[in-house]
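In what follows, a structure is listed as structure tokens, so that the remarks can point back to it.
Since every read-out is calculated from the coordinates, none of them should be taken as a lab result. Since the model is a prediction, treat every value here as computed from it, not as a measurement. Reconstructed Cβ throughout: ideal geometry from the backbone, glycine too, with neighbour counts over all protein chains shown.
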């Protein structure tokens, strides 16, 4: 076995990334939200494998770190689909049939908010105000704002994401 490392010896990329990001914030526990944000930015999600490394670096319990990750809906626990669609759930959009739109989108994609379609094409996320209230109901597709979305417009967007 000389020259071979077992998987147990090699820290996973996720744990290494978590330690490096925590170090950039001076391993300060009160920077946990920023650290998680940067980790998601770097890896595309907050993997389970990174949590023990973060807890150790920040001198927090795994339960504390896990609790923060699960409490805030901004953190993805799984890699996102190829496209991320954020659906505004704030009052102005709700007043303009945003609830009906959100329900239609979930039915159409056959997933709930926070989930990814089986083909890995689309991740659906709720967002609370896109600052586009005049064009309600609004969604964001891969960072691009789309206003006055109705069923037909959404179906076209979904088809583009899947092609």
Problem - Nearest 10 degrees, 0 to 90: helix 32-43 Cα axis against the chain principal axis - result: 80
Completion exercise
Stretched fully, the stretch from residue 66 through residue 110 gains (0.36 nm per residue minus C-alpha distance, one decimal, in nm) 13.1 nm
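According to the Cα gyration tensor, what semi-axes, each the square root of 5 times an eigenvalue, does the equivalent ellipsoid of segment 13-71 have, listed from largest to smallest in whole Å?
Working: eigenvalues 37, 32, 22 Å².
After diagonalising the Cα gyration tensor, the semi-axes are 14, 13, 11 Å.
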Exercise for the section: On a 0 to 90° scale, report how tilted helix 151-162 is relative to the longest principal axis of the chain, with both axes built from alpha carbons and the result rounded to the nearest 10. Expected result: 40
Exercise for the section: Would you mind pulling out the separation of the Cα centroids of segment 85-110 and segment 43-75, in Å? Expected result: 29
Practice task
For helix 98-109, report the angle its Cα long axis makes with the longest principal axis of the Cα atoms of the chain; keep it between 0 and 90° and round to the nearest 10°.
Solution key: 70
Fill in the blank from the handout: Ordering 88-101, 131-144 by per-residue average of other C-beta atoms within 10 angstrom, highest first, gives 88-101, 131-144
Practice task
Working from the alpha-carbon coordinates of segment 44-115, get Rg over Rh, Rh being the Kirkwood radius.
Solution key: 1.11
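Could you grab the Rg to Rh ratio for segment 83-162? Cα atoms only, Kirkwood for Rh. The partial results should precede the final answer.
Values: Rg = 11.2 Å, Rh = 12.1 Å.
Ratio value, two decimals: 0.92.
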Problem - Ratio Rg/Rh [Cα only; Rh per Kirkwood] for the chain - result: 1.08
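Helix-only estimate, please: 222 nm mean residue ellipticity of the chain, summing -39500 (n - 2.57) across DSSP H runs of length 4 or more and dividing by its residues, to the nearest 500. Please list the in-between numbers first.
Details: 7 runs with 72 residues, N = 163.
About -13000 deg cm²/dmol.
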Practice task
Sketch the reach of a paramagnetic label on residue 13 as a point 7 Å from Cα along Cα-to-Cβ, and name the residues of segment 112-143 whose backbone nitrogen lies under 20 Å away.
Solution key: 120-121
